[in-house]
Amino acid sequence: MGDKNLLTWEVFIQPKNGTSFQHAGNVHASDKEMALQNSRDLYARRREGTCIWVVKTEDIVSSRPEDQGSFFDPADDKLYRYPTFFKVSKKAKGL
Amino acid sequence: MANELLYKYVLSLGDDALILGQRLSQWAYKAPFLEEDIALSNISLDMFGRANLLLEYAAIIKGNDTTADDLAFKRNEREFKNHILSEQPNGNFADTMVRQFLLDAFYKLFYKELAESKDEQLSAIAQKSIKETTYHFRHSSNWIIRLGDGTAESHKKVQSAIDNLWMFTNELFEMNQTDNKMLAEKIGVNCLSIKAEWKQIIDEVLSEATLKIPKNIHMISGGREGIHTEHLGHLLSDMQYLQHAYPNAKW
Amino acid sequence: MVKESAFQKKIDAGIKIEPKDWMPDKYRSHLIRQISQHAHSEVIGMQPEGNWITRAPSLRSKMVLIAKVQDEAGHGLYLYSATETLGITRNELIEQLQIGKAKYSSIFNYPTLTWADMGAIGWLVDGAAIVNQQSLRKTSYGPYSRAMIRICKEESFHQRQGYEIMSKMSNGIPEQREMAQDALNRWWWPSLMMFGPTDSDSAHTTNAMKWKIKRETNDDLRQLFIDRTVKQARLIGLTIPDLDLKWNPETKHYDFGEIDWEEFWEVVNGNGFCNKERINNHINAHLEGQWVREAALAYAEKTQNGI
């Protein structure tokens, strides 16, 4: 048998409870259980996380950079999505 | 010394962690792949951390300004009280994982009991160790399963490791005079009481791994009395070298 | 070329290049070479220090050293991970290292003869690496930049560990002081060589600077390192082994002696003290681990566990 590569997994760590998961990098492992363990040892051994997700690299679906224009730009002229678009009285609380 | 028995007890636990930690640290840059290098050094660090806490406590009990380093680096072969299983050589990855697995299953149960100790220090150390031990057990049992139920070659290697190391497992549950006195004072653990559960854990994992426990094995023990296999002497002469070469130096 | 100039505009504007972006072939191959060599250096670097783990003279120094070597494995992994985004596999990278196609920092071809070498390596080698690495945090390729930021965060204790060892020893018994000075004598010049030859002699510099892969020149970084380290040595009573070392009040830098670039090229080209040994150790570990990797993959396939 040739020397096969172990699988590559992308690792996402939730740094603190309630926060968003962040991509940390990738890790090699033969299966998902080992991927979780290896990720914890590699990316969270300094107690930098509350939760870890691993996904096989080949399962990641990505938008394409060349589509960046059509995919993201139309949002440019929809400024009403940003709170700063609106002028409200400073006296109004809770906004 | 105020409490000779407590000293002996704590010292043994410290030695268990120290010697195992030292063995694991020998895997640096030699693991089957980098991720596993990190995993093994992680376990090694946990062991040394535990050893440090226990030996520091033992040093305090001994008194006379003894330090944990004094205990680690200046005692001789007959004064070490670790379980013989801990000092067995790393061998190949299967040998190391089997040694680890047998001990992790034991420590999981042992430290759970020790957390109930009347001795506050031991209880605190035990509570910290439980978290680590759970993680270690997950790692080693995962490997036993993957190696046992992997390829024909890995199966052969891990079965061979079990056949060779099984003889050191009885010692884990032996209760000597010190152990019994500590138990009576509600400080120490009743190792006999955790043997059945340990066996159950081992059976479960080995069964999933398609591995067998060898039959009719003559058990070896003696570590708590300072009777060790020949491996320990070499481990110590390497580990203690600098302190012996420069006895007046501070490091 | 429209694509090339769009690419260069991004670089000039400080926009990060990500794995799926278009990039010139030369940019891609330059990065694969540079990042993987950095990764290989971390991994090979585990050996000279790993050599003293079992003999560390105190529990604390042993734990710190294990953690440091562990970090090096981790850094190797972050960098392999970044390299893999450029379309090369881990096994290909390992093969390049083992057949000598890829290089690693030649500093690791020197032997660690005493415990004081642990001090010298942490203080000087990591010190030099830190100077290099701080600069790379702003490199143009996204995954590389992020790996470097992570590495720099973890690196700070490495140098302090080394300096603490040297400091303790130079304030210790005479044998310890001698050991520390001897280690400094052996590691000083090779550490200066870590920054590489003067840039006019380096083939890769022009593109590297244009593409913001490299942010500062070798000579600038080397000078920064020297200026810092000389002061640190004085503080603990050790002597830098350079008779030409002299403070220059005009340039406000230290002038220093000639580096033996012949030695540098000899070691880079495979004729250093430990070159063969380092690679053989790497090959052996990899070969001995093959049955383990195969078993893990076989199990995964059998059980469809995550496949």
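Shielding of peptide C:21-28 by partners, expressed as the average count of other chain Cβ atoms within 10 Å per residue Cβ, is 1. Charge dipole of the protein assembly as shown (Cα centre as origin; +1 on each Lys and Arg Cβ, -1 on each Asp and Glu Cβ, all else neutral): 2160 debye, rounded to the nearest 20.
Pairs of alpha carbons in chain C separated by more than 33 Å make up 28% of all such pairs.
Of all the options C:Val43, C:Val69, C:Val230, the one that moves most in a Gaussian network model of chain C with Cα springs shorter than 10 angstrom is C:Val230.
Using the count of nearby Cβ atoms within 10 Å as a rough guide to exposure, how do B:Tyr9, C:Tyr110, B:Tyr246, C:Tyr144 rank from fewest to most?
By the 10 Å Cβ count, ascending, the order reads B:Tyr246, C:Tyr110, C:Tyr144, B:Tyr9.
Using a cutoff of 8 angstrom between alpha carbon atoms and counting only pairs six or more residues apart, the relative contact order for chain C works out to 19 percent. Among B:Ala39, B:Ala51, B:Gln26, which residue has its Cα furthest toward the positive end of the charge dipole of region B:24-82, with +1 on Lys/Arg Cβ and -1 on Asp/Glu Cβ? It is B:Ala51, whose Cα lies furthest towards the positive end. Taking chain B as a Gaussian network of alpha-carbon nodes connected by springs under 10 Å, the highest mean-square fluctuation of the residues B:Gly21, B:Gly150, B:Gly222 belongs to B:Gly150.
With a threshold of 31 Å on the Cα-Cα distance, the over-threshold entries among B:Lys30/B:Lys118; C:Lys101/C:Lys210; B:Lys108/C:Lys302 are B:Lys30/B:Lys118. Placing dummy labels 7 Å off each Cα toward the beta-carbon, the span from B:Asn248 to C:Glu95 is 5.9 nm.
Straight Cα distances below 21 angstrom link C:Lys168 to the lysines B:Lys74, B:Lys250, C:Lys62, C:Lys68, C:Lys231, with same-chain residues fewer than 8 positions distant left out. Of interest is the spacing of the C-alpha centroids, which for region C:58-110 and region C:1-56 amounts to 13 Å.
Footprinting exposure proxy ranking of C:Ser81, B:Ser237, fewest other C-beta atoms within 10 angstrom first, gives B:Ser237, C:Ser81. Work out which helices of chain B, taken as complete DSSP H runs, extend at least 18 Å along their axis over the Cα atoms and score a mean Kyte-Doolittle of -1.0 or more, then list them. Span-like helices, by this rule, are B:4-25, B:34-62, B:93-114, B:120-148, B:152-165, B:191-208. How would region C:86-159 be classified by its alpha-carbon gyration tensor: rounded, prolate or oblate, with rounded meaning a/c under 1.5 and the a/b versus b/c comparison settling the rest? In terms of gyration-tensor shape, oblate. Residue by residue along A:35-47, Cβ atoms of other protein chains within 10 Å of the local Cβ number 5 on average.
Taken along the Cα-to-beta-carbon direction at a fixed 7 Å, the label points for B:Gln127 and B:Glu113 span 2.1 nm. Neighbouring Cβ atoms from other chains, within 10 Å of the Cβ of residues in B:133-143, number 2 on average. The P(r) of region B:147-229 has a tail past 19 Å containing 51 percent of all C-alpha pairs. Region C:240-307 has equivalent-ellipsoid semi-axes of 51, 18, 8 Å, by the square roots of 5 times the alpha carbon gyration tensor eigenvalues, sorted largest first. Calculated from the alpha-carbon coordinates, region C:155-208 shows an Rg and a Dmax of 16.3, 51 Å respectively. The distance between label points at C:Ile149 and B:Gln200 comes to 5.0 nm (points 7 Å beyond Cα on the Cα→Cβ vector).
Put simply, the convex hull of the Cα atoms in the protein assembly as shown casts, on average, a shadow of 37.1 nm². Region C:231-265 and region B:221-251 have Cα centres spaced 42 Å apart. Normalising the average separation of contacting C-alpha pairs (under 8 angstrom, six or more residues apart) by the number of residues puts the relative contact order of chain B at 24 percent. Exposure proxy shown here: for C:Phe273, C:Phe256, B:Phe33, B:Phe101, the number of other Cβ atoms within 10 Å sets the order, fewest to most, as C:Phe273, C:Phe256, B:Phe33, B:Phe101. Largest first, the three principal axis extents of the alpha carbons in region A:1-47 are 45, 16, 15 Å in whole numbers.
Just so you know, all these numbers are worked out from the coordinates, no wet-lab data involved. From a predicted model like this one, the values you see are computed outputs, not experimental measurements. For neighbour counting, all protein chains shown are included, and Cβ atoms are generated from backbone atoms with ideal geometry for every residue, glycine included.
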